[in-house]
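Read through the structure below, which is laid out as structure tokens, and then see the notes.
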Amino acid sequence: MLRVGIVGAGFMGTTHAASIVELDNAKLVGFYDLITEKSEKLSKRFGGKVFKTADELFKESDVVVLAIPPTERKEYYERLIELEKAIFAEKPVFRNLEDAIWLEEKLSKKTVPFMVGHVVRYFPEFFKLKEEYLKGTLGEISMIRSARVGSIPQWADWFRKFSLSGGVILDLAIHDIDFWAWMLGPVDSIRAVSNSFSENIETDHCIVVMKFKNGAVAHIEGGWSYPTAAPFKYSYEVVGTKNTISFDSLKNHTIVSYRDGIKLLHPTFINPYKMMMKDFLNAVEEERPVPIKPEDGIRSLKLALKAIESAKSGETISNVEG
């Protein structure tokens, strides 16, 4: 039984706590947050203690979930690596590349299980898509169009500060950047536009176009531009030489395949956050490599930062990955 502690009692801390308490091989020991009242609220809901300091939580934990802004993690990473505790970090792994390189160096000196929470890899409709691609039923991919849009997060003010969140590209579009790069391999070029780099973002919307070395082009839309009453939604269309597959989250989680006429695929619904945490904790318990490694998270961070660079400069970034 792995003892799991959570740093950060906000939206994502709540999400991960709900998953952890459902796993047979995990015990939620409690929460640490700078705002004690938030920890107390989650402790009443999920059980576990309210810790007054992070170090007290670390002492009673085998695994620590960092559900805090990327700009606030460095001291926690350093302490947890020193203590050789298993680490689960929300994406993005860091806010800037310099800190990510520092993290790589730290992890190269100690063997610490470390996983980055790129949860879209566990969404059933995305997992099924990659499965079909690897089976060869899609053929060669020529074009991908994906969107992930809604209102700007209402649960914390730091999302509105570009210096802290990186805006819609680094916080939201990175989901799709990570997935398509994971599925299709090395990226050749990136071109992006985004409409806010402010420290008081009201709305932000981006288009990121990634061209892969295999010739495929991915058109990614990320949006914090909708009114708060609008539903959050995500979708994709993937065009291959043998088949085209599309998905829209507002249409009953059904994948539409156009091979041999229209065919509907209904992947089994799972809680992707629970499956991701289960995979991570199983890897820790069995002392095997974690499914999403630090280098995966750092790669996705680098790609998202290249997209931000393009959006700021108005230029296409070439030779992105060698």
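The values are calculated or read from the model by the stated rules, or taken from the named source; none is laboratory data. Remember, predicted model here, so these are calculated numbers, not experimental data. Counting neighbours? That spans all protein chains shown, and the Cβs are built from the backbone with ideal geometry, glycine included. For the accessible areas, the whole protein counts, side chains as well, though only heavy atoms, and no ligand, DNA or RNA atoms are used. Shrake-Rupley method; radii C 1.70, N 1.55, O 1.52, S 1.80 Å.
The numbered conditions (1) over 28 Å from Phe162 (Cβ atoms); (2) assigned to a loop (DSSP other than H, G, I, E, B); (3) open to solvent by 40 Å² or more (accessible area, probe 1.4 Å) are all true for Glu40 except (2).
For region 250-292, residues that are aromatic (Phe, Trp, Tyr) and outside any loop (DSSP other than H, G, I, E, B) total 2. Close contacts from region 54-71, counting a first residue that is of a type in the set (S, T, N, Q) and a second that is surrounded by fewer than 23 Cβ atoms within 10 Å (Cβ to Cβ) and part of a helix (DSSP H, G or I), with Cβ to Cβ under 7 Å and a gap of 6+ residues or different chains, come to Thr71/Leu164.
Here region 43-71 is the region considered, the condition is being surrounded by fewer than 14 Cβ atoms within 10 Å (Cβ to Cβ) and in contact with a helix residue (DSSP H, G or I) (Cβ under 8 Å, 6 or more places away or on another chain), and the residue that is farthest from Gly10 (Cα to Cα) is Asp55.
Return the only residue of Arg79, Arg45 being over 23 Å from Leu164 (Cβ atoms) and not in a loop (DSSP other than H, G, I, E, B).
Of the residues listed, the single one that is over 23 Å from Leu164 (Cβ atoms) and not in a loop (DSSP other than H, G, I, E, B) is Arg45.
From the list Asp178, Asp171, which residue is in contact with a His (Cβ under 6 Å, 6 or more places away or on another chain), assigned to a helix (DSSP H, G or I) and under 23 Å from Asp248 (Cα atoms)? Residue meeting the stated conditions: Asp178.
Is there a residue in region 106-123 that is open to solvent by 60 Å² or more (accessible area, probe 1.4 Å) and modelled with pLDDT of 95 or more? Yes: one or more hits. Residue under question is Phe126, and the condition is that it be assigned to a loop (DSSP other than H, G, I, E, B) and at pLDDT 95 or above; does it hold? It is false that Phe126 is assigned to a loop (DSSP other than H, G, I, E, B) and at pLDDT 95 or above.
Residue-level analysis places Lys74 among those that are open to solvent by 30 Å² or more (accessible area, probe 1.4 Å) and of a type outside the set (Gly, Ala, Ser).
Quick check on Ile6: is it assigned to a loop (DSSP other than H, G, I, E, B) and of a type in the set (Val, Ile, Thr)? No; evaluated as a whole, the condition is false for this residue. Every listed requirement among (1) farther than 17 Å from Thr111 by Cβ; (2) part of a helix (DSSP H, G or I); (3) open to solvent by 90 Å² or more (accessible area, probe 1.4 Å); (4) not small (Gly, Ala, Ser) is met by Glu295 save one, (1). The set of residues in region 10-37 that are open to solvent by 60 Å² or more (accessible area, probe 1.4 Å) and within 10 Å of Met277 (Cβ to Cβ) contains only Glu22.
If you go through region 104-123 and keep only what is closer than 30 Å to Ala147 by Cα and either outside any helix (DSSP H, G or I) or among the small types (Gly, Ala, Ser) (or both), you end up with Phe114, Met115, Val116, Gly117, His118, Phe123.
Return the residue satisfying two criteria in turn: it lies in region 77-100 and is open to solvent by 10 Å² or more (accessible area, probe 1.4 Å) and without any contact (Cβ under 8 Å) to a residue 40 or more places away in the chain, and of such residues it is nearest to Met275 (Cα to Cα). My answer is Lys85. When Lys52 is tested against (1) modelled with pLDDT under 95; (2) in a loop (DSSP other than H, G, I, E, B), just one condition goes unmet, and that condition is (1).
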